[in-house]
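Each reported figure results from applying straightforward, stated rules to the coordinates on display, with no laboratory input. Quantities reported herein were computed from a predicted structural model and do not represent experimental measurements. Note that each Cβ is placed from the backbone with ideal geometry, even for glycine, and that neighbours are counted across all protein chains shown.
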Amino acid sequence: MTRYSRIIGTGGYLPEEIRTNEQISQTVDTSDSWIFERTGIKSRRIAGPNETASSMAEIAARQAIEAAACDPEDIDLIIVATGTPDRVYPSTGCLLQQRLGIKNCVAFDVQAACSGSIFALSIADQYIKSGAAKKILIVGTEICSRIVDWTDRSTCILFGDGAGAVLLGVSEETGILSTHIHSDGEYEDMLYCPNPQVATEANKDEASYISMRGNEVFKVAVNTLGRIVDETLEANNLEKSDIDWLVPHQANIRIIVATAKKLKMSMDQVVVTLETQGNTSSASVLLAFNEAVRDCRIQRGQVVLLEAFGAGFTWGSALIKY
Ligand code: ACO
């Protein structure tokens, strides 16, 4: 019997506060038109002072569990993807486990920056295919607004907060067709966020904010995502026209358009959320997927390509027959 990992529930959470390009333009030298033309972003959500990665994860997770009509006690494994954990430890996965009141499961975090939820899907798929788990909760959750330097116009315009979740179950028919994940640590200096608590003498003065050489990252992202599309199609013996939906990481509309072009897809088949959410890092793909499932754009039986690129560099894809 072939065991597939099937998505049986989705969820998402966006904090209440909306921060517009106009508001940012009042504090740094930028404009709504520059930000929108270069990135496709108009506004982003900002977490409240008492919100954390785990509190947002809980809301998204409960939605996914409810959508799947699943007893939380049946969940074997929780994987949380985040670059903004509540604490160094325990993991945000364990904090989420506590919040959900689940006693008998394993929980851990995955750190792969913006590719985190694809990495989590890939790990979960191996557990389900091997028979090691039957129900796995995956959450991507980020408070990017707290690691962004709000005086740096090259980064503060890009990021937002939120959480996305999926619950995976076992199916004999359809589900995740394949996952493909990659890392290349060579490019650390192009995109990083220091951790001041463990700074050495040499980097103790570094600010604990995201640092990015955006233009260079942009070029690598476009090339890399083009390659992952080919790799995914080849692995499944599929043509570009077999893909019904593209659910990309939401970093920049120009990167998304380039990937859609590579797939010869119309933008009507691409789920885009970044206009009102910005880049929510590891939450972005799952938030977009949740949105398109809930508004019935993505239908059961359709073939969906999820992909992401982020710091590390890390990149990956998941091809799903939903
Ligand atoms: N407003 C006005 N001008 C700006 C702003 C701003 N907010 N930011 C930069 N500029 C200026 C620059 O100073 C530069 O001026 P100069 O020509 O006088 O030097 C000019 O605009 C062009 O700057 P670029 O960086 O070349 O602009 P670009 O078109 O590349 O857009 C952006 C920048 C939006 C950051 C883009 O490069 C990008 O999206 N990069 C990829 C981001 C990404 O995918 N990251 C990976 C995921 S994130 C993660 O993993 C955490």
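Tabulated data
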{"quantity": "Top of W245, W34, W150 by mean-square fluctuation, Gaussian network on the chain, Cα under 10 Å", "calculated": "W34"}
{"quantity": "For segment 15-137, diffusion coefficient by Stokes-Einstein and Kirkwood Rh (Cα), 4 °C, 1.567 mPa s, µm²/s", "calculated": "79"}
{"quantity": "Net charge of Cβ neighbours under 15 Å - reference V304; Lys, Arg +1; Asp, Glu -1", "calculated": "-1"}
{"quantity": "5 angstrom amide H check on Q302, placed H, neighbours 5+ away", "calculated": "Y322"}
{"quantity": "Segment 265-279 - phi-based ³J(HN,Hα) in whole Hz, Karplus 6.51/-1.76/1.60, Gly and Pro as x", "calculated": "9, 6, 5, 5, 9, 10, 8, 10, 10, 5, 4, 10, 10, x, 8"}
{"quantity": "Ranking of H182, H249 by count of other Cβ atoms within 10 Å, fewest first", "calculated": "H182, H249"}
{"quantity": "Rg/Rh ratio calculated on Cα atoms of segment 118-209 (Kirkwood radius)", "calculated": "1.10"}
{"quantity": "Proximal lysine pairs, segment 177-321, alpha carbons under 15 Å, eight or more residues apart or interchain", "calculated": "5"}
{"quantity": "In sequence order, calculated HN-Hα J values of segment 66-72 (Karplus, 6.51, -1.76, 1.60; Hz; x Gly/Pro)", "calculated": "5, 4, 8, 6, 9, 7, x"}
{"quantity": "S178 long-range amide H proximity, modeled H, under 5 Å", "calculated": "L319"}
{"quantity": "Calculated FRET efficiency for the pair S241/R153, C-beta based, R₀ 51 Å, to 0.05", "calculated": "0.80"}
{"quantity": "Per-residue ³J(HN,Hα) for segment 73-86, Karplus 6.51 cos²θ - 1.76 cosθ + 1.60, θ = phi - 60°, Hz, x for Gly and Pro", "calculated": "5, 7, 6, 8, 8, 10, 10, 10, 9, 7, x, 10, x, 4"}
{"quantity": "Shape call, segment 215-322: gyration tensor on alpha carbons, a/c limit 1.5", "calculated": "oblate"}
{"quantity": "Per-residue [θ]222 nm for the chain (sum of -39500 (n - 2.57) over DSSP H runs n ≥ 4, rounded to 500)", "calculated": "-9500 deg cm²/dmol"}
{"quantity": "E73-Q299 FRET efficiency (beta carbon distance; Förster radius 25 Å; 0.05 resolution)", "calculated": "0.25"}
{"quantity": "Pairwise FRET efficiency - E231 versus E186, Cβ, R0 = 30 Å, nearest 0.05", "calculated": "0.95"}
{"quantity": "The chain: relative contact order in percent, alpha carbon pairs under 8 Å with at least 6 residues between", "calculated": "26"}
{"quantity": "Placed amide H near F159: partners under 5 Å, 5+ positions off or other chain", "calculated": "N279"}
{"quantity": "Solution diffusion estimate, µm²/s, Stokes-Einstein, the chain, Kirkwood Rh from C-alpha pairs, 10 °C, viscosity 1.306 mPa s", "calculated": "81"}
